[in-house]
Every structure is written in C-alpha cells, then in structure tokens.
Amino acid sequence: MKHIISILIIITGSFAFTQEKVVILNKETQIKMALQFLTDEEQNHAKVLGYNEKNELVVLKDSDGYLTCVADDPQKNGIEVSCYHKDLDDYMQRGRDLRSAGKNGKEIAEIRTKEVESGKLKYPKGESILYVFTGIDDNLDKNTGILKDGKLRYVVYTPYATQETTGLPTKPTKPGMPWLMDAGTYHAHIMITPQ
C-alpha cells in the first residue's frame, strides 16, 4: 500500500510540474490587444476590461464612451478579444457570471432569455454592435499585444428582426455574406464574417 501511495504522490507531483502556468500580460499590453482593430478615436473613448495578476476580470481602462472591449482570457486556447456597445454591458456580464458559475451555453441562453423577456435583465431595444477578433496564440506579440493575421467578425444585434423585415437569409450562404441568426427573437443578430 505504501508503494501505491508513493507512486501516486510522484505522478501527482510530476503532473503539477508539467502543467503550464497561465501568463497574464501587463495592463498596457492587454489594452493594446483589446483595442487594436478600432479607429484611433474609438480607442481613445473605449472602456477596456482585462485580467489582473489573480486572473480576475477587472476594468483596465475606464471610460463613459459607447464601446466596452474585453482583452483575451489567458486561460483559454487561442486569442479572442471583443468590443461591444455599452448597452450590452449587463447582458454580457450576466453571461460571464453564469459561465463562471458552471453553466453551459444552453443553460446560459435559457436563463438570459427568461431574464430579458421578464425585464429583469437589461437588453438594448434597438441595434447594437459586437466585434470579435480572433487568432492563434503563436501570432500574438506578447510585448505589444498585436495579433498578426487575426480574423474580425461583426455581429449586429437587431431585436426581433426576421428574414422578411431584413431580406437576409437565416443561414450562411456564400463566404463573407451577411446572414440573420436567431431570427424573430430578442437575440436576432446579423452575422458578418469577411473572407
């Protein structure tokens, strides 16, 4: 029995040493990373959320501008930064809170839908934008925060829009063509993924 326990201790210890440590980029680099695809004016006025040394999401750059940007989550594979209209702040924060509470995508969607429809969760009545900029870890310059060969996707939220009211297809057709996802719901949005 002592031999089995000793082996387990050695295996567990070895595993702990082989796990990669999460690297938190400094504040300035995270801010540059989150803002790199915006215009200079938008960069000056955007609020930026990022990660502190405890890997907690915090405000890195405060602003009362109309965009909120979120730096890449260092615990996830790949690079993903996003910016969205400030009217989506509560909705996006609720998603993050539910995700950290262990809820999966389907559960998050169901909870947020109930809360939006009941008026408990604030959601924009008109159109609003979400930008998502993605890429691979190897293409990120960790000193500057600049992501080489990143892909930018646009999401335009248009509550209750339908194919009939927009003329857009409800599924992807040709590369780069816009299409309407979740048509007819409060969460209806136009997806635009340039080639």
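Within the option set TYR84, TYR66, TYR51, being modelled with pLDDT of 95 or more, among the aromatic types (Phe, Trp, Tyr) and farther than 26 Å from VAL156 by Cβ holds for one residue only, TYR51. Hey, does the range 96-110 have a residue that's acidic (Asp, Glu), open to solvent by less than 80 Å² (accessible area, probe 1.4 Å) and in contact with a strand residue (DSSP E or B) (Cβ under 9 Å, 6 or more places away or on another chain)? Looking through the range 96-110, none of the residues is acidic (Asp, Glu), open to solvent by less than 80 Å² (accessible area, probe 1.4 Å) and in contact with a strand residue (DSSP E or B) (Cβ under 9 Å, 6 or more places away or on another chain). Of all the criteria given as (1) at pLDDT below 95; (2) out of contact with any helix residue (DSSP H, G or I) (no Cβ under 6 Å at 6 or more places or on another chain), the one not satisfied by GLY145 is (2). Scanning the range 80-88 for any residue that is open to solvent by 20 Å² or more (accessible area, probe 1.4 Å), in a loop (DSSP other than H, G, I, E, B) and closer than 27 Å to LYS54 by Cβ turns up nothing. What number of residues within the range 45-79 satisfy the criterion of being in contact with a Gly (Cβ under 7 Å, 6 or more places away or on another chain), in a strand (DSSP E or B) and either small (Gly, Ala, Ser) or closer than 23 Å to GLU127 by Cβ (or both)? Residues meeting the conditions: 1.
Search the range 178-195 for residues being touching a Leu at 6+ places or on another chain (Cβ under 8 Å) and assigned to a loop (DSSP other than H, G, I, E, B), and hand back the single one that is nearest to GLY126 (Cα to Cα).
ALA188
The numbered conditions (1) more than 18 Å from the chain's Cα centre (by Cα); (2) assigned to a loop (DSSP other than H, G, I, E, B) are all true for ASP138 except (2).
Among the residues of the range 43-52, those identified as crowded, with 16+ Cβ neighbours inside 10 Å and in contact with a strand residue (DSSP E or B) (Cβ under 8 Å, 6 or more places away or on another chain) are ALA46, LYS47, VAL48, LEU49, GLY50, TYR51.
The values are calculated or read from the model by the stated rules, or taken from the named source; none is laboratory data. Here the structure is a predicted model, which is why all the values come from computation and not from measurement. FYI the Cβ positions are ideal-geometry reconstructions off the backbone, even for glycines, and counts take in every protein chain you see. Calculation scope for accessible area: heavy atoms of the full protein, side chains included, ligands and nucleic acids excluded. Shrake-Rupley method; radii C 1.70, N 1.55, O 1.52, S 1.80 Å.
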